[in-house]
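**Q** Structure in structure tokens, see below.
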Amino acid sequence: MSDAHDILLNLLEVERLEVDLFRGLGNGGETPTRIFGGQVIAQALAAAYQTVDERLCHSLHAYFIRPGDPKIPVIYQVDRARDGGSFTTRRVIAVQHGKQILNMSCSFHVDEDGWEHQHPMPDADGPDGLKDRTELQDEIVDRIPEKFRKEFLRQRPIDIREVAPRDFFEPTKMDDVNHLWFRMSAAAGSSPQMQHCLLAYASDMNLLGSSLRPHGVTWVKGEVMMASLDHAMWFHAPAQFQDWHLYTMDSPWSGGARGFNRGAIYDRHGTLIASTAQEGLIRPLKPRD
């Protein structure tokens, strides 16, 4: 297991401070200047799971309120809103510097039988033969300012292979439909709860970028201010995130400096594992001098 894998698994093992009070590490995630949104969602879900017995999450709805500070821990307050016969509901508030940075509602359901259907997995190139993050980084590292290169090249725990990656320095207008494959080999043997937390962490990757693809802009060129505003996720089937999953995303609308994005996560056998939706800030900026 790589150091990056160890760091992520450690990030999601939130510490219980009191009955419904937990603490998670702020540093070590995808981004250095502010806490990666998927990290806060995954830690909030991990905290909620510590207050729920024998039920798995089927949905979560989160609002990002303030940027997270990676230099200090995050405190998670869990409110046991309801323990019902079939459903359990929790509300989680993430706090830093005495202020909320995220609040999230999540619901857990007993295992029940019912009618089943799903949309088929889209036809997309498989992960074999696609370039991984390291290969793509190596191609452009010379174009990254020296002071950012160490962070840019830092090992990440999630293996990502984009079907149609963009050129961040010379972007062209592209279709908003965005496919990537991702996995984390160290997820093997993890509990169903941890599998959900890992998938929630990864679900924030590349989703907001879908709304930029039709406009041919990227954050690298200083043309846009980006921030996730909210994030919703529905779990449909058990995840085995050590195996490849296809994350297919699109952006049916953008306007008013916001972009709306949707996602569907399939395992390699075509089973729909989870669905996502997110709105984010995509505010136009003047180019840097």
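The values are calculated or read from the model by the stated rules, or taken from the named source; none is laboratory data. In this text, all values refer to a predicted model and were calculated from it rather than measured experimentally. Positions of Cβ are backbone-derived with ideal geometry, glycine not excepted, and every protein chain shown enters the neighbour counts. SASA here: full protein model, heavy atoms, side chains in, ligands and nucleic acids out. Shrake-Rupley method; radii C 1.70, N 1.55, O 1.52, S 1.80 Å.
**Q** What distance in nm separates the simple spin-label points at Lys221 and Arg82, each placed 7 Å from Cα in the Cβ direction?
**A** It is 4.9 nm.
**Q** Another question about this same structure. Less than 19 Å apart at the alpha-carbon level, and either on another chain or at least 8 residues along: which aspartates and glutamates does that give for Lys173?
**A** Candidates past the 8-residue exclusion: Glu162, Glu223, Asp250.
**Q** Still on this structure, please answer the following. With the full set of protein chains in place, find how many percent of the accessible area of the stretch 108-184 is carbon and sulfur; take the probe as 1.4 Å.
**A** Roughly 49 percent, rounded to a whole number.
**Q** If you consider only alpha-carbon coordinates, what radius of gyration and Dmax does the stretch 175-289 have, in Å?
**A** Just the Cα atoms of the stretch 175-289 yield Rg and Dmax of 15.3, 50 Å.
**Q** Still on this structure: Give the carbon-plus-sulfur fraction of the accessible surface of the stretch 189-257 in %, rounded to a whole number; probe 1.4 Å, heavy atoms of protein chains only.
**A** Of the solvent-accessible surface of the stretch 189-257, carbon and sulfur hold 58 percent.
**Q** Still on this structure, please answer the following. Once you've got the GNM for the chain with C-alpha springs shorter than 10 Å, pick whichever of Gly28, Gly85, Gly126 has the biggest mean-square fluctuation.
**A** In the Gaussian network model the winner is Gly85.
**Q** Can you tell me the relative contact order of the stretch 119-269? Whole percent, Cα pairs under 8 Å, sequence separation 6 or more.
**A** Over the stretch 119-269, the number comes to 25 percent.
**Q** Moving on. Based solely on C-alpha atoms, express the radius of gyration and the Dmax of the chain in angstrom.
**A** For the chain, the Cα-based Rg and Dmax read 18.6, 60 Å.
**Q** Kindly rank 56-69, 201-214 from highest to lowest mean number of other beta carbons found within 10 Å of each residue.
**A** Descending packing order for the listed peptides: 201-214, 56-69.
**Q** Expressed as a whole percentage, what fraction of the accessible surface of the stretch 26-104 belongs to carbon and sulfur atoms when a 1.4 Å probe is rolled over the protein heavy atoms?
**A** Roughly 49 percent of what the probe reaches on the stretch 26-104 is carbon or sulfur.
**Q** For the pairs Lys131/Lys221; Lys131/Lys286; Lys150/Lys221; Lys99/Lys131, flag any whose C-alpha to C-alpha distance is greater than 30 Å.
**A** Checking Cα-Cα distances, Lys131/Lys286; Lys99/Lys131 exceed 30 Å.
**Q** Can I ask one more? Compute a Gaussian network model of the chain, connecting alpha carbons closer than 10 Å, and tell me which residue from Ile160, Ile140, Ile265 fluctuates the most.
**A** With Cα springs under 10 Å in the chain, the top fluctuation among Ile160, Ile140, Ile265 is at Ile140.
**Q** Okay, moving on. Given a 1.4 angstrom probe, what's the average accessible area per residue across the stretch 214-262, in square angstrom?
**A** 42
**Q** Rg/Rh for the stretch 239-289 to two decimals, with Rh computed the Kirkwood way over all alpha-carbon pairs.
**A** A ratio of 1.19.
**Q** Within 10 Å of each candidate Cβ there may be at most 12 other Cβ atoms; applying that plus a DSSP loop requirement, which trypsin sites (Lys or Arg not before Pro) in the stretch 5-78 survive? Working shown, then result.
**A** Details: sites: Arg16, Arg23, Arg34, Arg55, Lys71; in loops: Arg34, Arg55, Lys71.
Those that pass, being in a loop and sparsely packed, are Lys71.
**Q** Counting only GluC sites (Glu not before Pro) that are in a DSSP loop and have at most 11 other C-beta atoms within 10 Å, tell me the longest site-free stretch of the chain.
**A** Longest run free of exposed loop sites: 117-289.
**Q** Restricting to DSSP H runs of at least four residues, report the calculated mean residue ellipticity at 222 nm for the chain, -39500 (n - 2.57) per run over all residues, nearest 500 deg cm²/dmol.
**A** Dividing the helical sum by the residues of the chain leaves -5000 deg cm²/dmol.
**Q** What does the extension gain come out to for Ala4 and Leu153, with contour length at 0.36 nm per residue minus their alpha carbon separation? Walk me through the numbers before you get to the answer.
**A** Numbers: separation 149, 0.36 × 149 = 53.64 nm, distance 1.22 nm.
Computed gain between Ala4 and Leu153 is 52.4 nm.
**Q** Which of rounded, prolate or oblate describes the stretch 3-132 when judged by the alpha-carbon gyration tensor and an a/c cut-off of 1.5?
**A** Since a/c reaches 1.5 but b/c is at least a/b, the shape of the stretch 3-132 is classed as oblate.
**Q** Using R₀ = 22 Å, calculate the FRET efficiency as 1/(1 + (r/R₀)^6) where r is the Cβ-Cβ separation of Arg258 and Lys173; round to 0.05.
**A** Values: r = 19 Å, r/R0 = 0.86.
That pair, Arg258 with Lys173, gives E of 0.70.
**Q** With labels modelled as points extended 7 Å from the Cα through the Cβ direction, what inter-label distance (nm, one decimal) is found for Lys131 paired with His117?
**A** Reported label-point gap for Lys131 and His117 is 4.1 nm.
**Q** Taking only protein heavy atoms and a 1.4 Å probe, what accessible area per residue, in Å², does the stretch 80-140 have with all protein chains in place? Could the numbers behind the result be given before it?
**A** Values: 4130 Å² over 61 residues.
I get 68 Å² per residue for this part.
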